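Remarks on the structure that follows.
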Amino acid sequence: MRGTLMNGITARATVKTHDDDKVTAADVGRGPVAEPAGGAPAAGPARPRFRLSADGPVVRYGGPLAVLVAVLGLWYFVSYGVLEPSRRFLLPAPHVVVTDGLFGPSISGMLEALGRTATVALTGLAIAFVIGVVWAIIMSQEKWAERSLFPYAVVLQCIPILALVPLIGFWFGFGFTARVFVCVLIALFPIVSNTLFGLKSVDPGLRRLFTLHHAGRLTVLRKLEAPAALPALFEGLRVAAGLSVVGAIVGDFFFKQGDPGIGILIDTFRARLQSPELFASIILASLLGVAVFLFFGLLSRRVVGRWYNPDDSR
């Protein structure tokens, strides 16, 4: 009888072991699973949800377009739903800005002023580029030079430019030179900091390789550090390009002598309460900054895009 009882326990344990083997690893941690009512079959795996690709045309073009439509809708709502007709000059409707401003009688003068502002901004950017690159190269060669010079670059960045504008007018007059000097001051720091970062971001292994081959300091700079610094340099140049446009407009606001730039026209339209022309001038100034930013972005891809792609490191 004892043998029969042991055989029954062994058989039940064997059956339980075979049933437990059917449990998969995915069932671990789920807890008890309720059986479907009425013996209905269990539901299959859930279908993957549709997800938009961040690099697809829907997100790339549809996203900015949707934001633009929302901004225009809010603009129309404030112009016609919030402001009274007597105060609508504070925010004219978008189509009024286009018809009376961008295609109005003042557009030729605005385009000429925009060209003068672009000349000032690009001249200041070129000077800032030369000074910033030379400054960064000097700091990258010696540690004592970096510790001695970089704090002054930070101080130059932190000084409010509006506080220096009266002094710049006393020193350089109130014409083209003073406006270019303002652009240089504003655009200098991004070029210095990004170029220095790029020059110091060289792979230590490559630097040791050049040292083993007894390469001179000029050779290391020309063949190793300068190519490695190009991506960071162009990023700083793009930022500095937009800041240079801002500097040219700020200079126009304060240095009102000579041929008027777009900043002088903005101030004139403000004083005359010519709202459509004022908004049109602001839009043109913004488009100038965007165009310069996109130009240097395209130039960066043409120069370093073949051998450097930041998306590959993600």
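The values are calculated or read from the model by the stated rules, or taken from the named source; none is laboratory data. Quick caveat: nothing in here was measured; it's all calculated off a predicted structure. Every residue, glycine among them, receives a Cβ derived from its backbone with ideal geometry; neighbour counts consider all protein chains shown. Surface areas here come from the heavy atoms of the whole protein model, side chains and all, with no ligands, DNA or RNA. Shrake-Rupley method; radii C 1.70, N 1.55, O 1.52, S 1.80 Å.
Quick one: is residue 140 more than 30 Å from residue 179 (Cβ to Cβ) and free of Cβ contacts under 8 Å to residues at least 12 places away in the same chain? Here the answer is no, as residue 140 does not meet what is asked. Within the range 100-116, the set of residues being open to solvent by 70 Å² or more (accessible area, probe 1.4 Å), closer than 23 Å to residue 71 by Cβ and touching a residue at least 60 places away in the same chain (Cβ under 8 Å) comprises just one member, 100.
Answer with yes or no whether residue 230 is over 30 Å from residue 287 (Cβ atoms) and either open to solvent by 30 Å² or more (accessible area, probe 1.4 Å) or hydroxyl-bearing (Ser, Thr, Tyr) (or both).
no
Can you pull out every residue in the range 189-227 that is of a type in the set (Gly, Ala, Ser), crowded, with 16+ Cβ neighbours inside 10 Å and modelled with pLDDT under 85? Passing the criteria: 215, 226.
Considering the range 262-273, the residues that are open to solvent by 50 Å² or more (accessible area, probe 1.4 Å) and free of Cβ contacts under 8 Å to residues at least 12 places away in the same chain include one that is nearest to the chain's Cα centre (by Cα), namely 270. Could you tell me whether any residue of the range 137-145 is more than 24 Å from residue 245 (Cβ to Cβ), surrounded by fewer than 16 Cβ atoms within 10 Å (Cβ to Cβ) and under 28 Å from the mean Cα position of the chain (by Cα)? Scanning the range 137-145, I find at least one residue that is more than 24 Å from residue 245 (Cβ to Cβ), surrounded by fewer than 16 Cβ atoms within 10 Å (Cβ to Cβ) and under 28 Å from the mean Cα position of the chain (by Cα), so the answer is yes. Of all residues in the range 83-99, those satisfying the criterion of being farther than 16 Å from residue 274 by Cβ, open to solvent by less than 90 Å² (accessible area, probe 1.4 Å) and assigned to a helix (DSSP H, G or I) are 86, 94, 95. Return the residues of the range 236-254 that are closer than 10 Å to residue 296 by Cα and among the charged types (D, E, K, R); say none if nothing qualifies. Passing the criteria: only 238.
Would you mind stating whether residue 177 is within 25 Å of the chain's Cα centre (by Cα), hydroxyl-bearing (Ser, Thr, Tyr) and either farther than 18 Å from residue 230 by Cβ or surrounded by fewer than 21 Cβ atoms within 10 Å (Cβ to Cβ) (or both)? Spell out the reasoning first.
Values: within 25 Å of the chain's Cα centre (by Cα): no; hydroxyl-bearing (Ser, Thr, Tyr): yes; either farther than 18 Å from residue 230 by Cβ or surrounded by fewer than 21 Cβ atoms within 10 Å (Cβ to Cβ) (or both): yes.
Here the answer is no, as residue 177 does not meet what is asked.
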